[in-house]
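To start, the structure itself, in structure tokens.
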Amino acid sequence: MAEDNYAKRAKEAFAQGEKKLKPGVFGKMFSNKDDRMDEASELFKQAANFYRLAKDFQNSSAAFVKCAECKPEEAANYFSEAGNVLRKVNTAEAITYYNRAVEIMVSGGRISMAARLRKQIAEIYEADEMLGLAVENYAHAAELYEMDNGDSTANSCHLKVAELSTFESLESNVILKAIKLFEDVADRYLMHTLTRYSAKDCYFKAVLLYLSNDDTIGAENATGKYSLKDPSFETSRENKLIKDILTATRAEDIGSFENILFQFNKITPLDRWKTKVLLKAKSFINRENEEDFS
């Protein structure tokens, strides 16, 4: 089988690489250490690629780590490659290598590459629903993107922090931090023609968070403030929804609250995040019989 042949060639290349690292007395006398390291690195790279073709991702990763040890100046790339192949079988260990790569990239001033890899780590944690770790890594990625003038991607990372942190916890302190993030990103969106339309959704989510914090006055004040900043928000379905929700909440009319959301959901489906936040807002009217609005 082809995979067996690749595995055999990988073992041979890896063994040759090990020999280059331990040349013996005569080898040391008649060869240069830097040359031996270069040759060993090439052999380990061959082994890594053959192991990858053989679908032996653990050994492929180990061979890339050997490359990093032979060529410290290229270690970030090799640790990143080790993470890429290992990600198929062991995401936790893959992230360990990604983190080592990020540290080297940052210390070497390769901020853009570090930001992309940090965001990739956050996406892995998000996919595995490890939201706390995802939030930490998206926040770090946002900082790195801002250092590298990657404002657009930084904004998307900030929004991930706001959404994931409040999906995991709707504690008051978490909510207030997320509101600030949504507002800041929305304000930045309004500064550019291409992103102006996206501000409305950020403001909408910020108001929903006020409601989930049992703060109808804050929600009403925020709605007025956002409408002044973004006139399109004033005439939006989202703004009408907020006003109707505020009316139902103050009247303590849970039936009306549910019907308002049911009607809105028929035209604009509410995603998991909005549903969770609105359920929290509803709980301040009636803490029983929490339902989905779909």
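The values are calculated or read from the model by the stated rules, or taken from the named source; none is laboratory data. None of the values given here were measured: they were computed from a predicted structure. Note that we place each Cβ from the backbone using ideal geometry, even for glycine, and neighbour counts take in every protein chain shown.
Does SER236 qualify as being out of contact with any Leu (no Cβ under 8 Å at 6 or more places or on another chain), surrounded by fewer than 21 Cβ atoms within 10 Å (Cβ to Cβ) and within 30 Å of GLU103 (Cα to Cα)?
no
Condition (residue is over 22 Å from ALA115 (Cα atoms), under 26 Å from the mean Cα position of the chain (by Cα) and in contact (Cβ under 8 Å) with a residue 40 or more places away in the chain) applied to region 212-235: is it met by at least one residue?
There is at least one residue in region 212-235 that is over 22 Å from ALA115 (Cα atoms), under 26 Å from the mean Cα position of the chain (by Cα) and in contact (Cβ under 8 Å) with a residue 40 or more places away in the chain.
Within the set of pairs 6 or more residues apart or between chains, which connect a residue that is free of Cβ contacts under 8 Å to residues at least 60 places away in the same chain inside region 39-57 to a residue that is outside any helix (DSSP H, G or I) with Cβ atoms less than 7 Å apart?
SER41/LYS71; PHE57/LYS88; PHE57/VAL89
Take THR193 and decide whether it is of a type outside the set (D, E, K, R) and in a loop (DSSP other than H, G, I, E, B).
The answer is yes for THR193.
Among the residues of region 255-269, are any touching a Ser or Thr at 6+ places or on another chain (Cβ under 7 Å), among the β-branched types (Val, Ile, Thr) and not in a loop (DSSP other than H, G, I, E, B)?
No: region 255-269 contains no residue that is touching a Ser or Thr at 6+ places or on another chain (Cβ under 7 Å), among the β-branched types (Val, Ile, Thr) and not in a loop (DSSP other than H, G, I, E, B).
Filter region 133-172 for residues that are of a type outside the set (D, E, K, R) and assigned to a loop (DSSP other than H, G, I, E, B); which is modelled with the lowest pLDDT?
Across region 133-172, the extreme among qualifying residues is GLY150.
Anything in region 133-167 that is small (Gly, Ala, Ser) and under 19 Å from ILE179 (Cβ atoms)? List them, or say none.
Selection gives ALA139, ALA142, ALA154, SER156, ALA162, SER165.
Out of LYS243, LYS274, LYS180, I need the residue that is in contact (Cβ under 8 Å) with a residue 12 or more places away in the chain, closer than 23 Å to LYS160 by Cα and not hydrophobic (A, V, I, L, M, F, W, C). Which one?
Going through LYS243, LYS274, LYS180 in turn, the sole match is LYS274.
Just to be sure, is ASP201 surrounded by 13 or more Cβ atoms within 10 Å (Cβ to Cβ), on the phi > 0 side of the Ramachandran plot, modelled with pLDDT of 95 or more and not aromatic (Phe, Trp, Tyr)?
No; evaluated as a whole, the condition is false for this residue.
Is it true that ASP214 is at pLDDT 95 or above, within 19 Å of GLU168 (Cα to Cα) and not in a helix (DSSP H, G or I)?
yes
Which one of these is charged (D, E, K, R) and surrounded by fewer than 16 Cβ atoms within 10 Å (Cβ to Cβ): GLU183, GLU129, GLU163?
Going through GLU183, GLU129, GLU163 in turn, the sole match is GLU129.
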